[in-house]
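Below: the structure, in structure tokens.
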């Protein structure tokens, strides 16, 4: 199956200065050389690995483009196979014509993630590293980038490998005892082993706990903003955005005109979800709105209650009651209360707000006053200790599931050790834990699993 | 000004498997080497041109990405300067971070087209070739691609250079005569020169005439489709699209849900513009619609009148009158009349249509009957002879203007020759014509002109 040569566009589709078309497989160089005419009459088949060659892509009589062709020889390539990258002009027409030409010359269109799948099958990456490639490509802030990068460079794999090695050692001693069952010997010192298992449980627990942080970092932290129209939600988000200098948006030329959007604060993604207020009302339409607000608060991890301090200055008691309702209903959920537009108030009025509304944050989205305090409050809600210390953080649900299963098996082992379970039964639980570790790094795998993982990749990777 | 080192993203913005960041300038390799740590401890400064190196982009303590770095040494690069291309993972975050890092290390953000501008200034391309790079990137069909490719490879430049050389030869002989004015000699055989000027006029005329074709090929041929809703406009466009196998659309995953769109037929782009019918009406709103229809017909080069033969079968006379009105109003403009949905009619009804409506094309967008005849009719409206014979076709308004001016001067020369104008006056007109040729290839240029040309490029090219 993996003997054929695949081709795909590796750069984003659309128009740009250049585009890169990638071939990988046994015939990659041979096929490319059929379409390529070097300006200096070089034969691609005879070129050294990691070299670049100027020439033209020729389709019969027709010159499709002037290109640079990069040659990578197995095993020194991304996939571990022979790889050719054609850097052509970035017109959709040219990209299409060149890919079609390679298909006619014997390539097959690559499926999603197939280049990385081949890298995994050829031992260039383990499975968790391969998964990190997709995470890296979709990372859009410093935190998710850091975690994906660490995982791709093998940080997660090596942590798992260490646990696995210690367990294997244990397992083999236990299994050795079974061979000498008649003689009732103990090769595995039970006290030492209890210690080892405790240590493994400690590490597993840390990894499992890290998923709570990892998952929100990967997917963005959902924050519900409760606030009526015109209280300054968009201005606030723009102020938060400026804190982080939204260079990505500037480059891409995007405009931010919805407040239901993800923005990066201190390198961490927050997804803001707009909601209306929750004033008591007899109106049916409005009570539907209130129900929706509660639903959105439930989906979120943090709630921001934002009110217009200027228009509500003589109405603070009803604001307080509304806040109290949310606080009572969601006592487990962090709630940040913000009085906006305070630049337009006098000192006495500000004091009044502070007295009436407990834990209120005075802010002016317009002048930027209070914005830094808000970002600090938001970041404090995320436990970024692991991130700062560059510890391994689990972000992948598949890994999390495997770790939970390994944890369960290891707990069985611990219980077995405490109750003096026989070695043969202990060994079964240990082997089961080892199996789940193997699932993460890909030592244990199957086609369905691989299919699921790589289907989420983009074509060309 | 062009001593600094520039950086830009060279691939389309957005997420993809990989992205390419390009540096060019004296310090390109030095700056890149500050950010790059090779996996095999290689020093970028010591690497041969056209080689590729695996390693990491490092920002202080932080690893930004695992990348491939390509090194090109002047003058063997696109710009003629030292060039480094960093092939990184295609996340917008990573692209941004790496570009920011290079800016901090001493690069400047490239302006639009600045890489190609430098290639021009360093003599790697002439001006018309540089302009062809932008045309090539925006080419989205076979015809515009062919013309841009020919121009980029120097076809147009060499045609202009030939004319220029012949004229220069002429000019120097005439000017030589001026040095011997006292002696009244004629180095330039007037009969031969009249012949030469006739030949130049012939070539210039062909080039100028080619602009009519070149311009529509570059910009797409505007076609107004006059037809009420539900007569089958979208189905017809999809049928035309299938004729050409819209592979670009398939790759990009676009859906075609507006009929105001460009599609490629026989390698040539047609821009279809939707209009309503032009039935007589007392209704004010509807007469505004009729006015708009006429406006759109005026903007177009071809008009297609499409009607539903099934619903109009007992109403053919009013259809005929409507067609007659358009034909009378725009007698100079090609009009294609199409009766759609003929698969649902009987032979007698078809005969009736043929008799009532002159030059009608019977078609079924659903079954595809008649579609090939329509594409042939559309293609016949474009004079593709020059395209087939791979002749130089002018597509650029700037070139067209310069050619017109040169043409005017050459005509003056011709007239001067016929009326026995003195050599010094002839020489002035010839020099003026040479000036306009020089404008095309960039021998005569200025900053404003260059600014205008390269401002239309994308950044990164």
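Using the alpha-carbon centroid of each, what span in Å lies between segment B:433-461 and segment B:11-55?
Taking the Cα centre of segment B:11-55 as reference, the centre of segment B:433-461 is 31 Å away.
Going by the alpha-carbon gyration tensor, a ≥ b ≥ c the square roots of its eigenvalues, is segment A:374-454 rounded (a/c under 1.5) or, if a/c is not under 1.5, prolate (a/b greater than b/c) versus oblate?
Because a/c hits 1.5 or more and a/b fails to exceed b/c, segment A:374-454 counts as oblate.
Run the numbers on chain A and let me know its relative contact order in percent, using alpha-carbon pairs under 8 Å that are six or more apart.
17
Give me the inter-chain shielding for A:16-28: mean count of other chain Cβ atoms within 10 Å, whole number please.
5
Could the peptides B:76-85, A:355-364, B:193-202, A:74-83 be put in order, highest first, of the mean number of other beta-carbon atoms found within 10 Å of their residues?
In decreasing order of mean packing, B:76-85, A:355-364, B:193-202, A:74-83 become B:76-85, A:74-83, A:355-364, B:193-202.
Using a 7 Å offset from Cα along the direction of the beta-carbon, what are the separations from residue B:192 to the same position in each other copy, nm, ascending?
10.4
Quick one: compute the contact order of segment A:123-193, relative version, from alpha carbon pairs under 8 angstrom and 6+ residues apart, as a percent.
Taking the mean separation of contacting Cα pairs over the length of segment A:123-193, I get 23 percent.
Averaged over B:73-79, how many beta carbons belonging to a partner chain fall within 10 Å of each residue's beta carbon?
Going residue by residue through B:73-79 and averaging, the value is 1.
Restricting to DSSP H runs of at least four residues, report the calculated mean residue ellipticity at 222 nm for the protein assembly as shown, -39500 (n - 2.57) per run over all residues, nearest 500 deg cm²/dmol.
Calculated mean residue ellipticity at 222 nm is -16000 deg cm²/dmol.
Please report, in Å, the Rg and the Dmax of segment B:6-125, where both are computed over Cα atoms only.
Rg, Dmax (Cα atoms, Å): 13.4, 42.
Quote the relative contact order of segment A:6-125 in percent (integer), defining contacts as alpha-carbon pairs under 8 Å separated by 6+ residues.
Value for segment A:6-125: 31 percent.
Between copies, how far apart are the residue A:425 label points? List them in nm, one decimal, shortest first, with each point 7 Å from Cα toward Cβ, please?
Label point to label point, same position, other copies: 12.0 nm.
How crowded by other chains is A:91-101, given as the mean number of beta carbons from other chains within 10 Å of each beta carbon?
Averaged over the peptide's residues, the number is 6.
Once you order the gyration tensor axes a ≥ b ≥ c over the Cα atoms, which shape class does segment B:46-182 get: rounded for a/c under 1.5, otherwise prolate or oblate by comparing a/b with b/c?
Since a/c reaches 1.5 and a/b is larger than b/c, the shape of segment B:46-182 is classed as prolate.
So if I take the centroid of the Cα atoms in segment B:352-393 and the same for segment B:303-351, what is the distance between those two points in Å?
Each part's Cα centre sits 16 Å from the other's.
If all Cα-Cα distances of chain A are sorted into 10 Å bins from 0 onward, what percent lands in each bin, rounded to whole numbers?
4, 16, 18, 18, 17, 15, 9, 3, 0
Compute the label-point distances linking residue B:327 to its equivalents in the other copies; points lie 7 Å from Cα along Cα→Cβ; give nm, one decimal, shortest first.
Those label-point separations list as 8.3 nm.
Throughout, read-outs are computed from the coordinates displayed, never taken from laboratory work. Note that this is a predicted model, so its numbers are computed, not measured. Here Cβ is always computed from backbone atoms with ideal geometry, including for glycine, and neighbour counts include all displayed protein chains.
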